[in-house]
Protein chains: 2
Amino acid sequence: MRMSSLFLRTLREDPADAELPGHKLLVRAGYVRRVAPGIYSWLPLGMKVRAKVEGIIREEMEAIGSQEVLFPALLPREPYEATNRWTEYGPNLFRLKDRRDTDMLLGPTHEEMFCLAVKDMYNSYKDLPLALFQIQTKYRDEARPRAGILRAREFVMKDSYSFDVDQAGLQKAYDAHRDAYIKIFERLGFEYVIVHADSGAMGGSASEEFLAVSEHGEDTFVRDESGYAANVEAVEVPQAAPVEVTAGPAHVEDTPDTPTIETLVAALNKDHPRDDGREWTAADTLKNVLVMLVHPDGTREPLAIGVPGDREVDPKRLEVKVAPADVEPFEDKDFAAHPTLAKGYIGPGVLGTDKASGIRYLLDPSIAEGSAWVTGADSHGRHVIDLVYGRDFTADGTIQAAQIREGDIGPGGLPLRLARGVEMGHIFQLGTKYAEALGLKVLDEHGKLVTVTMGSYGVGVTRAVGMIAEDNLDELGLIWPREIAPADVHVVATGKDQAVFVRAEELVRGLEDEGLEVLYDDRQKVSPGVKFKDAELIGVPTIVVLGKGLADGTIEIKDRRSGDRRDVPVDDAVAEVLREVRGS
Amino acid sequence: MRMSSLFLRTLREDPADAELPGHKLLVRAGYVRRVAPGIYSWLPLGMKVRAKVEGIIREEMEAIGSQEVLFPALLPREPYEATNRWTEYGPNLFRLKDRRDTDMLLGPTHEEMFCLAVKDMYNSYKDLPLALFQIQTKYRDEARPRAGILRAREFVMKDSYSFDVDQAGLQKAYDAHRDAYIKIFERLGFEYVIVHADSGAMGGSASEEFLAVSEHGEDTFVRDESGYAANVEAVEVPQAAPVEVTAGPAHVEDTPDTPTIETLVAALNKDHPRDDGREWTAADTLKNVLVMLVHPDGTREPLAIGVPGDREVDPKRLEVKVAPADVEPFEDKDFAAHPTLAKGYIGPGVLGTDKASGIRYLLDPSIAEGSAWVTGADSHGRHVIDLVYGRDFTADGTIQAAQIREGDIGPGGLPLRLARGVEMGHIFQLGTKYAEALGLKVLDEHGKLVTVTMGSYGVGVTRAVGMIAEDNLDELGLIWPREIAPADVHVVATGKDQAVFVRAEELVRGLEDEGLEVLYDDRQKVSPGVKFKDAELIGVPTIVVLGKGLADGTIEIKDRRSGDRRDVPVDDAVAEVLREVRGS
C-alpha cells in the first residue's frame, strides 16, 4: 500500500459523531466511515484489519472441526414465527415486505435457519455431532446505536451452531467452543473476562459471555477474588441466613406525608427515634415495588418485590428473571384496580400476610428470616415498625432483582467488585428449545426419534475491531497488535532528496520479498511532520523512517507501542525490520 | 475435507424448485440450498467454490490498482433520492423503515455511496485517479427469481467505481477494467461475449456487457461475422437507403373489419389484388403502434411508432430508447382523449402528415424514403394503398425499437445472428451523472472546480458460480474447472479392508503436504457405487480411487471431464496426482 494512492484522508480533528477514543481514531485514521446511525463503511485500512480478525476466528473455528457455511441475511418470517422471535425481538428486528407483500426480516442471529438446514439434510445420530459456522452480516435496530462499530446496526458476527444427540455431546461442543474462544480472545489483544451469563431471549441453560473489560461497556459485571465472574443479570447473591429475632412486637405508627424512603427516614428519626439511640437509615426500611408483567400471551400480572429501602430494583436483572414476560410500570389505573394497595404505604400485610391484594410477592434474598423492618402499613400516612420477616409476615418466594453493589457478598461468599464490559462473545447451551420448536429430530441408535440438542456461539467481528482499537491506543493514535495490524511495517520516506525515495523503494521491495505487508509513505510533497503524525495515528506497530540519516548510511526503526527508536545501518534494514516484526 | 463429517447430503433426485441443469446439480451435490424464493444458503462445498471465484476477481482488481473497501447493504434513502433511483428502481428495490420510521433500503448497487465517500474525503485533482471495489451482498427484489443463484434476490457482486477528472482518465480506467474483466472471465471457465450495451437506468454513455453465452439466458444479443456483438437493446440497425418511387398515386380503399394485420392482408389479397400479381404480405403494411410514455415528473406523453406489419415493437428496446420515461399501454381512455385516432386504422395521416393528432410519430429505420405502404386511412374500415414515405407522408424521426430478427443487417452491414446470454459483468462510463447529482467536484490544476467523471463496473460473483456450473456439467454431475473446484482432488477409499483406508489416509496426507486441497471419502459403510456416484456428482476434476487394485500395488486416477482412467503404482500416487493437477 502506498500512501500516495491509498484511499485515505486522515483527520486532525475528532469527528463530531464519534464518542469513544478508539472510534474517534478509527475515523480520523481512515479505517471506517459513518454512513447512517450505526451503519459504517470500511475503508482500505479497515478492510485489512477486519480480514485479519476474521482470519483468526476462522482459523480457530476450523481447528475445532467447525465447517464454514453462509446463510442469507434476508430471511422469511415463518421460522422466526415458529420460535416466537418474530415478536420477541420487538423493535430491534428490521422487518420488511417484498414485492409480493411477504413478510421478511434481516437476520439478527440464525438459530432457526441452521436448525432447519440440519433438519432438512440429516436424520440420524450417525450424522452428528456437527458444528457449523458463518462469518456474516447481521442486523439489529439498536435503540441507541453509539460507540461506532462497537454497537452498530449492521455488523459482522461469526456465529456457530452445534448439533448433538445428547447433553454430553452438547457439553463437549460447548467446551470446545469455549476453548476456541479463549484462543481467539487471547490473540485479539484486549483484556477480557468470561462471565456467567443469563441467556435471556436465547433460551437454554448454561451460558457464558466473553466481555472486554472497558469503562465504555454497556454491561455491568461482577467478579470476586476467587476468579468468579458473572453478568449482573446472572449473579445470584446468597439468601441471608435467618437471624435471631430481637425486635419487640410490631407497632403501627402515624407517619404522615412519607410516601418516599427519604421522607420516611426523616420522619422516623424525628417522631419515632429508635430505643437504641441509633439513627434510622434507609437500610432499615422495606420498600415494596410494584410492576406489571406482560406475558407473551398478552395477559397482565402484577408483581410486588420487597427490597431494602436503600436499594433499587435493577431493571435488567428483573427483566431476565421474569422473561419471557415483559416488565411495564405499575400505573395509576393499576392502583385503582387494586384498592387494597395504599400507594406510597404498601406493606407486606396485603401482599404477603393476608394476601388481600391477590398479588404475588417476592423478596430480595438479603432479607433474612427474623429481621425487623419499617415498612408500609397499607394505609395512607402509616407505617409499621419492627415488622419481622417470618414472624409477622411472609412472602411467595424470593427474586434476584435488586441492584448489586460493590462489596456485596457473592455466591462464593466473597465480596463482589463491579466493572463494566462490552460483550464480545457469547456461548450458549441452547438445549432443545429451537429443535423442538422447529421439529429437528434424528433417529438414535435404537431407531427412536430424539430431539437434537443445540449450542449457539457468537463473536462480534466488527465489534472486535472496535474493541481492539479502544484497548490499543495513546494520545497520538492507534497501536495495533502485530497480528491485527493493517500492515507489518510502515515505511516513511522524508525530505526532498529523490535518493531517499529510491532507497525506500528498495527497502519496501526487500521487505515485501520477505513476505511482509508494507504501508509505504511515498508522498512527495508532504512534510516529515505530517508523515510522522499520520504514522502514529494509523498505528502500524513498526515504523521505519528514511531521511537525513541516509547520508550516514542509517535509517531509524521505531516501535509504535513503546516509542523506542534506534538507528540501524541501511544495509541491515531488512534483517532488522524482520527481527522487529517476527521477534527473532 | 472428509466426507464422513462434511455437512453434505447428496440427492439422487432433482429438487422440485430448480429449473436449470447446473442449478439442479448444485443443489443435489450440496453446494447451495434454497431458503426462500431467490434466497440461498451456501454449504461448505459451495463456500470453497465461491471463495475461489472471489479470489480470482480480487486478484485481478488489485492487479489494476483498485482498492478494496466495503460499504453497508442497509442504506439511507436520501442519496438514492438525490439521484432519483429511490423511485426509478420501482418494486425491484427492497425498502424498509427503521424503528424511528426512517426510510432505508437494501442496496442494489452503490454508485451514490461511493460518490459521497469520495466527495467527503477528496477535493483535488491530485487525489485522482482513484479506483475502488467491494465484494458485497446486494439485494434486488426480482419479479421472477428463477434459475437459482443465476438470478437471486440476495446475491454477491463485485462492484467497482472509478473517479477521474476528465474523459481521458475515465477512458483509461474503463479500458483497465475491461482488460481485467477479460482476464477474470477467461479464468472463470465459461463461454462469454462482450456486447455493446445500453446503459439503461445507470445513465452514462459507453457501456459494455460481458454475457455468458447460454440458452438459459434472459438477455438476447446479436453478433455478426466480423466479431461485432451487442445487446438487442443497444444494436442500431442502419437506416434503409432511399429507394426510387415506383408506386402510383395513393388511394384509399374500403377494408371493412380489418383491424389487425392478418385480417388486412387477407382482405387485400381478396378485394384489392396487386397489379403485379404478387400476393400482399404483412411486410407490405405499415403498422402504427401507440404507447403512453410516463416521464419522471409524472407527465404522460403519447408516442406513435411506425413499423412494418411483420414486426413487433420490442418492449426492451423501446424501454431504453425512451428512458428515463416509463412505457405504459395506450388504453381506451387514451383513444377517447384523441378522437382523431381511428383504432385499428391509424395511419400516418393524422400522425405524420397533417399532425391532426398532435402525437409524436417515429418510424422504424427499415422504412425507406420512397417505399410504398398499405396503412391505416384514419377512418374505421379503411386503408390507404401505395402511401409513399417522403412523398405522401412524413414523420418526426426514427426510433430503434422494432424486434431484431435473425439475418437482419447490422451496423456493420453484415447479417446478424441472434443468441441468448446471461449478464455476468457490466462496465459503464457513467460520466458526471452521479457526481453532478451529489455534488462531487474537485479542484483542477488551475484551481477551478470540476465535476468528477465516474465509471462503474460490476461482476456477479454468486451468479458466476451458477454460470460456471451451467457450463461445466454432464449427465453425471458437475465438472469444475481446476481453478474453481472445491478441492484439487477427490480421494475415494472403497471396500471394507481397513488397509485401504490406512493407505488412503497416507495418500491424503501426502497430497496435503504438497499443498493440495483434498476431499477424502473416508465413509466406512457406504458402497463403492454410491461413492463413485457422489464423486461424479460433486465434480472435483481429479478423482483417485483406492480399492482392490491396492493388492497389486495400484490405484486409479480418473479425470472427471474426459472420463479417462489410468492405474498408477501406489508409490507414485502423489507424484502422479500432482502431475494431473498441475499439468506438469
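The values are calculated or read from the model by the stated rules, or taken from the named source; none is laboratory data. Predicted model only: the values in this text are computed from it and were never measured. As a convention, Cβ positions derive from the backbone with ideal geometry for all residues, glycine included, and neighbour counts pool all protein chains shown. With ligands, DNA and RNA removed, areas are computed over all heavy atoms of the protein, side chains included. Shrake-Rupley method; radii C 1.70, N 1.55, O 1.52, S 1.80 Å.
What is the dipole size for chain B, taken about its Cα centre, with +1 at each Lys and Arg Cβ and -1 at each Asp and Glu Cβ, in debye to the nearest 20?
Numbers: 69 positive and 99 negative charges, 394 e Å.
In debye, rounded to 20, chain B gives about 1900.
State, to one decimal in nm and shortest first, how far the label point of A:E312 sits from each corresponding label point in the other identical copies (label point: 7 angstrom along Cα-to-Cβ).
7.0
To the nearest 10 degrees, how steep is helix B:528-538 against the longest Cα principal axis of chain B, on a 0 to 90 scale?
Value to nearest ten degrees: 40.
Can you give me the solvent accessible area of B:M292 with a 1.4 Å probe, rounded to the nearest 10 Å²?
10 Å²
As a test of the definition: which semi-axes, in Å, follow for the protein assembly as shown when you take the square root of five times each eigenvalue of its alpha carbon gyration tensor? Largest first, please.
Taking √(5λ) for each eigenvalue gives 64, 41, 35 Å, largest first.
Could you tell me which of A:G306, A:G38, A:T554 has its Cα farthest along the dipole of chain A towards the positive end, charges placed at Cβ (Lys, Arg +1; Asp, Glu -1), taken about the Cα centre?
In chain A, that residue is A:T554.
What order do B:R274, B:R99 take when sorted by accessible area (1.4 Å probe), most exposed first?
From most accessible down to least: B:R99, B:R274.
For the range B:487-582, give the share of DSSP beta bridges that are antiparallel, in percent and rounded to the nearest 5; count only bridges with both residues there. Can you show the working numbers first?
On the way: 9 of 18 bridges.
In the range B:487-582, DSSP labels about 50 percent of beta bridges as antiparallel.
Count, for each residue of A:132-145, the Cβ atoms from other chains sitting within 10 Å of its Cβ, then give me the mean as a whole number.
Mean shielding by partner chains, rounded to a whole number: 2.
Quick one: Debye curve from the alpha-carbon atoms of the range B:218-306 only, equal weights, vacuum; give me log10 I(q)/I(0) at q = 0.17, 0.20 Å⁻¹ to two decimals.
These q points yield log10 I(q)/I(0) values of -1.03, -1.09.
Can you give the average number of partner chain beta-carbon atoms within 10 Å of each beta-carbon in peptide A:99-108, as a whole number?
The mean count of partner-chain Cβ atoms within 10 Å per residue comes to 3.
Starting from the residue with the highest accessible area, list A:H216, B:H110, A:H446 in decreasing order, probe 1.4 Å.
A:H446, A:H216, B:H110
When N is the residue count of the range B:213-252, what does its C-alpha Rg come to as a fraction of 2.2 N^0.38 Å?
It is 2.01.
Pairing the Cα long axis of helix A:498-513 with the longest principal axis of chain A, what angle in degrees results, from 0 to 90 and rounded to the nearest 10?
Its long axis makes an angle of about 60 degrees.
Label position 7 Å from Cα toward Cβ: report the copy-to-copy distances for A:D179 in nm, one decimal, ordered from shortest.
5.2
Quickly rank A:430-436, A:564-570 as a protection proxy: mean count of other C-beta atoms within 10 Å, highest first.
For the peptides A:430-436, A:564-570, the packing ranking is A:430-436, A:564-570.
Can you pull the Kirkwood radius for chain B, inverse mean 1/r over Cα pairs, to one decimal in Å?
Every distinct Cα pair counted, the radius reaches 27.8 Å.
Could the peptides B:378-386, A:206-214, B:128-136 be put in order, highest first, of the mean number of other beta-carbon atoms found within 10 Å of their residues?
Working: B:378-386: 19.3, A:206-214: 23.6, B:128-136: 21.9.
Going by the mean number of other Cβ atoms within 10 Å, highest first, we get A:206-214, B:128-136, B:378-386.
Return one whole number: the accessible area per residue of chain B in Å², for a 1.4 Å probe.
Numbers: 23780 Å² over 584 residues.
For chain B, the per-residue accessible area is 41 Å².
Given Cα positions, please report Rg to Rh for the range A:44-132, the hydrodynamic radius being the Kirkwood one.
Rg/Rh for the range A:44-132 comes to 1.06.
To the nearest whole number, what is the average tally of beta carbon atoms from other chains within 10 Å of the beta carbons of peptide A:37-47?
Across the residues of A:37-47, the mean count of other-chain Cβ atoms within 10 Å is 5.
What gaps in nm, shortest first, separate B:K97 from its twins in the other copies when you place the label 7 Å past Cα toward the beta carbon?
Copy-to-copy label distances at B:K97, shortest first: 1.1 nm.
How high is the relative contact order of the range A:329-414, in percent, counting Cα pairs under 8 Å that sit 6 or more residues apart?
Reported relative contact order: 29 percent.
Please list A:Y161, B:Y389 from largest to smallest accessible area, probe radius 1.4 Å, with all protein chains kept in place. The partial results should precede the final answer.
On the way: A:Y161 0, B:Y389 45 Å².
So the residues, ranked largest to smallest area, are B:Y389, A:Y161.
Over the alpha-carbon set of the range B:251-398, work out the extent along each principal axis and list the three values in angstrom, largest first.
Largest to smallest, the principal-axis extents are 52, 29, 25 Å.
Explain nothing, just the number: dipole magnitude of the protein assembly as shown about its Cα centre with +1 on each Lys and Arg Cβ and -1 on each Asp and Glu Cβ, in debye rounded to the nearest 20.
So the magnitude is around 360 debye.
Tell me whether the range A:127-253 comes out rounded, prolate or oblate; compute the Cα gyration tensor, take square roots of the eigenvalues as a ≥ b ≥ c, and use a/c under 1.5 as the rounded threshold.
prolate
Quick one: Cα convex hull volume of the range A:487-582, Å³ per residue?
Given the Cα convex hull of the range A:487-582, per-residue volume reads 82 Å³.
Let me spell out the model: positive unit charges on the Cβ of Lys and Arg, negative unit charges on the Cβ of Asp and Glu, origin at the Cα centre of the range B:251-398. What dipole size does that give, in debye rounded to 20?
200 debye
Which shape class, rounded, prolate or oblate, goes with the range B:8-51 when its Cα gyration tensor gives a ≥ b ≥ c as root eigenvalues, a/c under 1.5 marks rounded, and past that a/b bigger than b/c marks prolate?
oblate
Since chains A and B are linked by a rotation, which residue in A has the beta carbon closest to its axis, and how far is it in Å?
Checking which Cβ lies nearest the axis yields A:L96, 2.
Taking the Cα atoms only, what angle lies between the long axis of helix B:111-121 and the longest principal axis of chain B, rounded to 10 degrees?
Computed tilt is about 70 degrees.
When you take every Cα atom in the range B:357-446, what is the radius of gyration, and what is Dmax, the widest Cα pair distance, in Å?
21.9, 69
Set Lys and Arg Cβ to +1 and Asp and Glu Cβ to -1, take the dipole of chain B about its Cα centre, and tell me which of B:G413, B:L293, B:L93 lies farthest positive.
B:L93
Distance between the C-alpha centers of the range B:12-38 and the range A:69-137? Whole Å please.
One Cα centre to the other: 19 Å.
Take every Cα-Cα distance within the range A:402-464, group them into 5 Å bins from 0 onward, and report for each bin the whole-number percent of pairs it holds.
4, 14, 11, 11, 11, 13, 13, 9, 7, 5, 1
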